[in-house]
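Down below is the structure, laid out as structure tokens.
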Amino acid sequence: MASDLAWEAVAYKTEVGEATALDATQKKLFEEAERLLAEGKADEGLRKALDALATLSVHFTREACKPARDRAQKTVNKAIAYFQSTSDQYGEAFATKASARIQVTKNRPEGAKKTATQAAALFRTKGDKKNEASSMVTVVDAHLSKAALVGQPGHTRMIANVTKTQKQVEEDNKVEALRFQEDAMNAAREVAELFRQANDKRGQADMLCALADINNNMSEFERAKEVCMMARDLYLDLDDRKGAQKALELEHDAHIKSLDGEEALNAAQEMVKMYRQAGDKRGEAEGMFLVMKTHFQFGACEELMKVGKEARGVCQKASDVEMEGIILDSMMKAQMFIENDEEALKLADEAVEVFKKGGHKKGEAAALHAAAGIMLDKFFKDSDKNVSAWRASGFNASIFKDYDMESYDKALGMVKEAEDIYTALNDKEGLALILDTQQNVTIRATMLQEPDETKQIIKDNKPLEIIHTWYIPDPEDAAAAALADKGEE
């Protein structure tokens, strides 16, 4: 019985892994479960498999993983019944902990909170402080889930407030969501303390980061900064620079939200320094990207470009195509912000080449789409100015400039090229962006030719075929018409 249940739990690794990438911790837990089962330790293997299954909950909100989630709940229920029948409270604790995690992903926060508390109590009786703390993490998530559900369809407050105005309902919802966030904040503090008592520095640091995130969302920025510094120190004690990066990024967010640009820049530069000292080029480039974001958020585009050029050099030394493309994208957006379309297009074209050489198809498609967007925007802006001037002149054809059809068609070709790449990758998010661009082009092309007329140009959520029939007045025709009008007088 235990062995069959354990292998049933282990099987979710493959099913969920086909829909999304599993992290190192998840893989390690499943490998340990498989090893225990291979050694004939069925109950131990089942406990470890359930612990591994609980970690998959982060993926269970994905549409592709929901069928697995629903079956996983049944597997866990059978495991609870099995351990209860054998009076194995420790095994029951692991199964109950997994059940709580799954309930959170099904938007059942009250049930998840109750179940997680039961799991924590079972671990407490066994003196397992670390698993007691990790069970209570679900309580924090349950409070946050309740805050997120406020105002959503089916939420009880919506029914209770049907006699109130929409504004009153919104105010009530804000108060209620804040109350749930405060509950989450208090629970997070308690869980961080449990991890400290268990001497689990990583668990404590992770929970402090969760607490900082809650503080930021509640505009408790000073508290967030203080908590982030504590978390960073714990991660560095573990020589975990990725964890320290997470803490620095949360601290950076707190500085940004409190409009402290100087301290935000210091946090970003601290990240660069940390990775530079460790000789980690990828991390150094990520830190420089954060510096660039800080400059952009405070309008220092010239400084952003300087850092961007240096960051590209770091990426090239590390042969990191993806990060160099991200850096180029940031530089491109900075140039667009200051309305330097020519330089922005140059950077977008460079990004296309970087991704193409590195064989990074998704990046190539995104860069092609960005470059096409710049070209199309320039085309429509220039054309609109041209048509507006022509109409304002009383339709004087002699001042009308021909449309730049070459750049227009080239841009549409780039959009199609990006679409083909996204189609080959089955990238639905990318294809949605392409569709949005195609619809936007159809609208702008129609309004450019018929600025005084509104008509249906989208059917069944799909753009109509774009027909390249542009009205371009002929100066000679206009002159002949003017003479005819004069003769009639």
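Any idea how far the Cα center of segment 417-449 sits from the one of segment 174-192, in Å?
When both Cα centres are located, 42 Å separates them.
Could you give the nm distance between label points at GLU39 and SER398, where each point is 7 Å from its Cα heading toward the beta carbon?
Between GLU39 and SER398, the label points sit 9.5 nm apart.
At a 10 Å Cβ-Cβ cut-off, how would you order SER57, SER407, SER135, fewest neighbours first?
The fewest-first ordering by Cβ neighbours comes to SER407, SER57, SER135.
Could you work out how far helix 66-85 tilts from the main Cα principal axis of the chain, as a 0 to 90 degree angle to the nearest 10?
10 degrees
Only Lys, Arg, Asp and Glu count, each charged at its Cβ (+1, +1, -1, -1), so figure out the dipole size of segment 71-192 about its Cα centre, rounded to 20 debye.
Its charge dipole is roughly 320 debye.
Using 0.36 nm per residue, how much length does the chain from ASP377 to LEU431 gain when fully extended, once their Cα-Cα distance is taken away?
Fully extending the segment from ASP377 to LEU431 adds 17.5 nm.
Let me see the pair-distance distribution of the chain: every alpha carbon pair, 10 Å bin width, integer percents in order.
Pair shares across the bins are 4, 14, 19, 22, 20, 11, 5, 3, 1, 1, 0.
Tell me the angle of helix 241-257 to the major Cα principal axis of the chain, expressed in degrees between 0 and 90 and rounded to the nearest ten.
60 degrees
Roughly how big is the chain's charge dipole about its Cα centre, with Cβ charges of +1 (Lys, Arg) and -1 (Asp, Glu), in debye to the nearest 20?
Roughly 2440 debye for the chain.
In Å and from the alpha-carbon atoms only, list the Rg and Dmax of segment 1-141.
Spelled out, the Cα radius of gyration and Dmax of segment 1-141 are 13.7, 39 Å.
Which longest run of the chain has no exposed loop site in it, a site being trypsin sites (Lys or Arg not before Pro) in a DSSP loop with at most 15 other beta carbons within 10 Å, and the site itself not part of the run?
Free of exposed loop sites, the longest segment is 165-400.
Roughly speaking, what is the centre-to-centre gap between segment 276-340 and segment 56-132 when only Cα atoms are used, to the nearest Å?
43 Å
Got a sec? Which residues in segment 265-290 would a label at ILE338 touch, if it sits 7 Å along Cα→Cβ and we count backbone N under 14 Å?
Hits in segment 265-290 for ILE338 at 14 Å: none.
Suppose a student asked you for the relative contact order of the chain, using Cα pairs under 8 Å spaced at least 6 residues apart; what percent would you report?
Here the relative contact order equals 6 percent.
Can you give the percent of C-alpha pairs in segment 247-338 whose distance is more than 23 Å?
I get 19 percent for the Cα pairs in segment 247-338 exceeding 23 Å.
By how many degrees, 0 to 90 and rounded to 10, does the Cα axis of helix 301-317 deviate from the longest principal axis of the chain?
60 degrees
May I ask you to list the lysines whose Cα is less than 27 Å away from that of LYS174, ignoring any residue fewer than eight positions away on the same chain?
Qualifying lysines at Cα under 27 Å: LYS106, LYS113, LYS114, LYS146, LYS164, LYS225, LYS257.
Helix-derived [θ] at 222 nm for the chain: sum -39500 (n - 2.57) over DSSP H runs of at least 4, divide by residue count, nearest 500?
It comes out at -27000 deg cm²/dmol, rounded to the nearest 500.
Here, each number is a calculation from the coordinates, and none is a lab measurement. Please read these numbers as outputs of a predicted model, since none were measured by experiment. FYI the Cβ positions are ideal-geometry reconstructions off the backbone, even for glycines, and counts take in every protein chain you see.
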